[in-house]
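These notes concern the structure reproduced below.
The values are calculated or read from the model by the stated rules, or taken from the named source; none is laboratory data. All values reported here derive from a predicted model rather than from experimental measurement. Every residue, glycine among them, receives a Cβ derived from its backbone with ideal geometry; neighbour counts consider all protein chains shown. Heads up: the accessible areas ignore ligands, DNA and RNA and are worked out on the full protein's heavy atoms, side chains in. Shrake-Rupley method; radii C 1.70, N 1.55, O 1.52, S 1.80 Å.
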Amino acid sequence: MGCSLTAVTLTLDESDVAVPRVDHLYLALTAGKPLGGARWSLAAIDRVEIGRGATRAIRREGRVLRVDVPDPWMSAQHLRFERERAHWVAVDAGSRNGYLINGTKQDRAVVLDHDVIEAGRSFFMLRANELAGADIELGASPPEALVTLDPALANQFDELRRAAASTIPILIAGATGSGKERVARTVHEASRRRGAFVAVNCAALPAGLVESELFGHKRGAFSGAIADAPGLVLASTGGTLFLDEIGDLPPPAQAALLRVLEEHEVRAVGATTPSAVDLRVVAATHRDLDALVEDTQFREDLVARLAGFELELPALADRRVDLGLMLTEILPPTSQLAAATARALFAYAWPRNVRELARALERAVALAGTAELGPAHLADEVATARFEIPATLEADTRRDELVGLLEKHRGNVSKVAGELGKLRQQVQRWLKRYGLDPARYK
C-alpha cells in the first residue's frame, strides 16, 4: 500500500507543561521528485533566502538562513521569507518565473500555516508556533515506518515505539484508508512477539458466525460445523490480534471479547473448557467509540480495556508537510512530476486518504511509463483540484485588516472586535479561517 506516515494522538495538556515552541520551514517536495523532505527551525531567524543549488544545503549566518535546493526550475535567488512581528511574508527575490502561494502567483504575501508555497517545482510550507524540534533532512530512501517531519508527531511516535514494546493494548482511530493496519503491523514488528500477526475485519465477519470466527468452535456446535476450528483469537496467541473496525463488533461478541481480555483465555463455541491465550490486541475503528458508548451500541468497559494507548490518524489532507516522504515510498525513484501534477497533489483533499494517493500515483506511473507524470495521467478529480483560498479581494483585505488590528491591540480579540464593530465570536471565526493566532501578537 502507500505510506505508513501516521499520527498518534497522545493527549498532552500543553497548558500544564512548559514546552519550547518555534516556527519551522518545511521543504515538502524537491524539484517534483521523490527525494524525501526537510524541516528547519526558524528560532532566532528573521530572514530565509531560498534559491537553486547543486545539492540541498543550508547555511546560517546571524539571523539569516540560506536554503539551497537542487531544482533546475528555480532561480539562484528565487524567494525569501521575512519575519514581520507575528507573521512571515514571502517576497519574490527577482526570480525568473516567480513563486505561487496555493497555486496563485504572488510578489509579496503574508504566509499562513496552511499555505503551500511553490518555487520552481519545489514546494514549501511555513508553520508557526510548533513544538520545537531539531532540524531534520530525509533523503530519497523510503522512510521507515512512523517517520514524519512534524515535530509533535515525531515526539508522539517515540511514545508509540515504547508502548509497542510492551503488551499494552492499542486503539487506533482514523478514517478509511488512513493506514490503520499498517500501524498495527508496525506495532507487531516492534513488539518482537514471535507469534503471528492476525488481522480481522470485524465489519466483514459473517452475521451469526462472529463468535465462532473469533473464538473458534467445536465440531457439531451448530449446523455446518463439521470440524473443530481454533478461531482467530487462538491463532494469534503469542503474536498480535488486529481487530479492524472494532466499532462494528456486535454486542454479544463484545461481551465475549471482554471476557477474553480479562481472563486471558478463550472458550470455543460448543466447548466445555477454555484455552489459555497469550494475547496482544491492537484495535482500530473509523467510528467514534465514545458516541457509540453514549448510544449504548458499544460497551464502555470494553473501550477501557482496548484503549491502553490511543492513536488517531489524521486525514492525508492534513499531512501535506510529509507528502514528499510519501512519494519516496510510493513512486519509482526515477519519477518526475510536472509542476501542475505536483500542485494538484497538494491541492486535492484526498477523501480516501493514503490508500487513494497510492492508487492515484500507481495509475499515473502506469499511464506515463518512463515519461514525466503529467496531469493527464491523474484522475480528473485530482488533476483539476484547486486550493481553497479566499475567493475575493475583500477577503484578502479583511485578513490584512485583522493582522493590523491584532498588532495594534497586541492580540486582544475583544478590542479588535470593538474596533470592527463585530461580535467577538465573529472575529474568532475569521481568525480561525485565516490561521491567525492572537497569542503571537501579545
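Calculate what fraction, in whole %, of the accessible area of the chain sits on carbon and sulfur atoms when a 1.4 Å probe is rolled over the protein chains. Its accessible area is 50 percent carbon and sulfur atoms. The distance between label points at Glu144 and Ala204 comes to 3.0 nm (points 7 Å beyond Cα on the Cα→Cβ vector). Label-to-label distance for Ala304 and Asp113 is 3.4 nm, based on points extended 7 Å past Cα in the beta-carbon direction. Of the trypsin sites (Lys or Arg not before Pro) found in the range 85-158, the ones in coil according to DSSP and having at most 14 other Cβ atoms within 10 Å of their Cβ are Arg85, Arg96.
Placing a pseudo-label 7 Å from each Cα along the Cα-to-Cβ vector at Gln428 and Phe222 gives an inter-label distance of 5.1 nm. Annotation for the range 254-301: GluC sites (Glu not before Pro) lying in DSSP loop with at most 13 further Cβ atoms inside 10 Å of their Cβ do not exist.
Work from the charge dipole of the chain (Cβ charges, +1 for Lys and Arg, -1 for Asp and Glu, about the Cα centre) and give the residue of Val293, Leu160, Val198 farthest towards its positive end. Result: Leu160.
A simple charge model with +1 on the Cβ of Lys and Arg, -1 on the Cβ of Asp and Glu and nothing else charged puts the dipole of the range 77-146 at about 300 debye relative to its Cα centre.
Among Leu153, Leu306, Leu292, the largest mean-square fluctuation in a Gaussian network model of the chain (Cα springs under 10 Å) belongs to Leu292.
The accessible-area ordering, largest first, of the residues Thr167, Thr296, Thr341 stands as Thr296, Thr167, Thr341, per a 1.4 angstrom probe.
Compared with the dominant principal axis of the Cα atoms in the chain, helix 251-263 is inclined by about 80°. Computed from the C-beta positions of Glu401 and Thr167 and an R0 of 60 Å, the FRET efficiency is 0.60 to the nearest 0.05. Under 20 Å from a label point set 7 Å out along the Cα-to-Cβ vector of Asn97, the amide N atoms of the range 327-370 belong to 334-348. Between the helical axis of 393-408 and the longest alpha-carbon principal axis of the chain there is an angle of about 90 degrees. Note that the range 238-354 presents 40 Å² accessible area per residue, ligands and nucleic acids not counted, probe 1.4 Å.
Name the most mobile residue of Leu65, Leu373, Leu431, meaning the one with the largest mean-square fluctuation, in a Gaussian network model of the chain with Cα contacts below 10 Å. It is Leu431. Based on the convex hull around the alpha carbon atoms, the chain presents an average projected area of 25.3 nm². Pairwise alpha-carbon distances in the range 284-426 exceed 19 Å for 68% of all pairs. By the Cα gyration tensor, the range 194-314 has an equivalent ellipsoid whose semi-axes, rounded to whole angstrom, run 24, 16, 13 from largest to smallest. Counting only protein heavy atoms and a 1.4 Å probe, the range 363-442 has 62 square angstrom of accessible area per residue. Dipole magnitude for the range 332-442: about 660 debye, using +1 per Lys or Arg Cβ and -1 per Asp or Glu Cβ, origin at the Cα centre. Among Trp73, Trp88, the sequence by solvent-accessible area, most first, with a 1.4 Å probe is Trp73, Trp88. Note that the range 56-155 presents 41 Å² accessible area per residue, ligands and nucleic acids not counted, probe 1.4 Å.
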